[in-house]
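This report concerns only the one structure given below.
The values are calculated or read from the model by the stated rules, or taken from the named source; none is laboratory data. Remember, it's a predicted structure, so these values are computed and weren't measured experimentally. Reconstructed Cβ throughout: ideal geometry from the backbone, glycine too, with neighbour counts over all protein chains shown. Keep in mind that these areas ignore ligands, DNA and RNA; they rest on the heavy atoms of the full protein, side chains included. Shrake-Rupley method; radii C 1.70, N 1.55, O 1.52, S 1.80 Å.
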Amino acid sequence: MEQSTSATATPSADVRFAKLREGITEFIETHPSLRCDGETITFLHHEMNRLQYGVSTSEAEFEQWGEWGSEGAKTATAWIDTTCHVPKKVARAELRRGRALATFPVLAEAWKNGEIGADHVDAVLRVKRPVTEEALWRDEATLVDAARTLKFAEFCTVVDYWEQHADQDGTEEAAMARQAARDVYLFPSVGGYLGKMNLDPIGGAIVANELQRIEEEFFEADAAEAKERLGRDPRPDELRRTPAQRRADALIEMAVRSASTPADAQRPVPLFSVVVDYPTLAGRICQLDEGSVVTPGSLLRWMDEATFERIVFAPKKRAECSVTSRFFTGATRRVIEVRDRQCQHEFCDLPAHKCQMDHIVPFSQGGLTEQENAQVLCGRHNRMRYERPPPDG
């Protein structure tokens, strides 16, 4: 009697993960109006983080086992690009994360649990290099804790500062390289001009601040013209120029004003604000007031032509202001703007110079006009503090 043997084939992914597919299908077939609450959005991002972890770890193992080579692909990236129709840039990033997790167990566990996402992992891996690797392993838990609790932009600032501590020479060299790579071009094209600019953080801040100042001039002029034309406060879409058009006109105006300035006129000093902490001037803070972290060395080239505005934040030290004054003005207002940098509502990041000063304890209730009782709030969130709640029922 002839005997036969048969190998047990591994079930297909459709079979092994049928419940996952069924769950996703059930979700997307639910009408969006029934899955649009805040709790569901939070849940989705949490689970999406976990799924991204699964994708990266699966692809890392896939690369290790080499199945991709049996079909003639030269790399796992090429196989994923061709078979899954994923851009190579995305495939490389997924594989890079999967490979790195083996040496970062705390990072891996947080991602696996959905507490952080792929962007957090990328931010940490961005500062991984031979000179920082040992310190990164040492401080992994601290960075992961920051990733769990901070807004993403704030977490990136923490990582930038960590990098400066871990590799001071390297970050200064990188800052010099960014400054050396500055480039602006503008050339004729069909129907006009096309251009691009690439500036280091400080040079970019100088240009952006002046561009914004002139743009705000044009906005006020447009708003006044529209109010006179309509007889009421205009809506943004009723202004004669769009924000993009005002920015373009502001750039032209910068050139016109430059060309019309006499050659022997006194050159205005560059205007940008840098926030530093006491030891750089217990920690290290060195960033532009809009949030970009810069190295102390990158400030040196401006020292001989900049005018210094000194605002020192330290316990029990603050700018002087009459505590019976109704409004925050002058130096006190400037201190609060630089300190807070943006609207203090948790869901807002409007820059401080576009916001209002708010008494934490209202002035009408005895609140003093002093820094400790001040915060920056945008117009909307300032009004929300004093709006009456809707009546019950």
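Which one of P201, V190, A153 is farthest out on the positive end of the charge dipole of the range 147-206, using unit charges on Cβ (Lys, Arg +1; Asp, Glu -1) and the Cα centre as origin? Looking along the dipole axis, the top candidate is V190.
Provide the net charge surrounding M197, with neighbours chosen by a C-beta distance below 13 Å and charges set as Lys +1, Arg +1, Asp -1, Glu -1.
+1
Excluding I360 itself, calculate the net charge of residues whose Cβ lies under 14 Å from the Cβ of I360, where each Lys or Arg counts +1 and each Asp or Glu counts -1.
Details: positive: R339, R385; negative: D340, D358, E370, E372.
Residues near I360 contribute -2 overall.
As a quick test, which of the pairs K89/K151; K112/K354; K151/K354 have an alpha carbon distance above 31 angstrom in this structure?
Numbers: K89/K151 25 Å; K112/K354 40 Å; K151/K354 21 Å.
Table pairs above 31 Å Cα-Cα are K112/K354.
For a straight C-alpha distance cut-off of 19 angstrom, the aspartates and glutamates reachable from K74 (same-chain residues fewer than eight places away being disregarded) are E59, E61, E63, E94.
Modelled label positions at N113 and R50, each set 7 Å beyond Cα in the direction of Cβ, lie 1.3 nm from each other.
At a temperature of 25 °C and a viscosity of 0.890 mPa s, determine how fast the range 97-242 diffuses translationally according to Stokes-Einstein, using the Kirkwood radius over alpha-carbon pairs as Rh; express D in µm²/s, rounded to the nearest whole number.
Working: Rh = 19.5 Å.
It comes out at roughly 126 µm²/s.
Annotation: extensible slack from T82 through V184 equals 33.0 nm (criterion: 0.36 nm per residue apart, minus Cα-Cα distance).
Give me the net charge for the shell around K151: Cβ to Cβ below 9 angstrom, other residues only, Lys and Arg +1, Asp and Glu -1. Display every interim value, and only then the final one.
On the way: positive: none; negative: E154, E346, D349.
Summing Lys and Arg as +1 and Asp and Glu as -1 gives -3.
Taking every protein chain into account, the accessible area of the range 70-173 amounts to 54 square angstrom per residue (probe 1.4 Å). Think of each Lys and Arg Cβ as +1 and each Asp and Glu Cβ as -1; about the Cα centre, that makes the dipole of the range 122-256 roughly 540 debye. Across all Cα atoms of the range 1-158, the radius of gyration (one decimal) and Dmax (whole number) stand at 19.5, 75 Å.
State the percentage of accessible surface on the range 80-172 attributable to carbon and sulfur atoms; use a 1.4 Å probe and exclude ligands, DNA and RNA. For the range 80-172, the apolar C and S fraction of the accessible surface comes to 54 percent. Bridgeable aspartates and glutamates around K196 (alpha carbons under 12 Å apart, same-chain partners fewer than 8 residues away excluded): D183.
Once the Cβ-Cβ distance of I360 and D139 is raised to the sixth power relative to R0 = 25 Å, the FRET efficiency obtained is 0.15.
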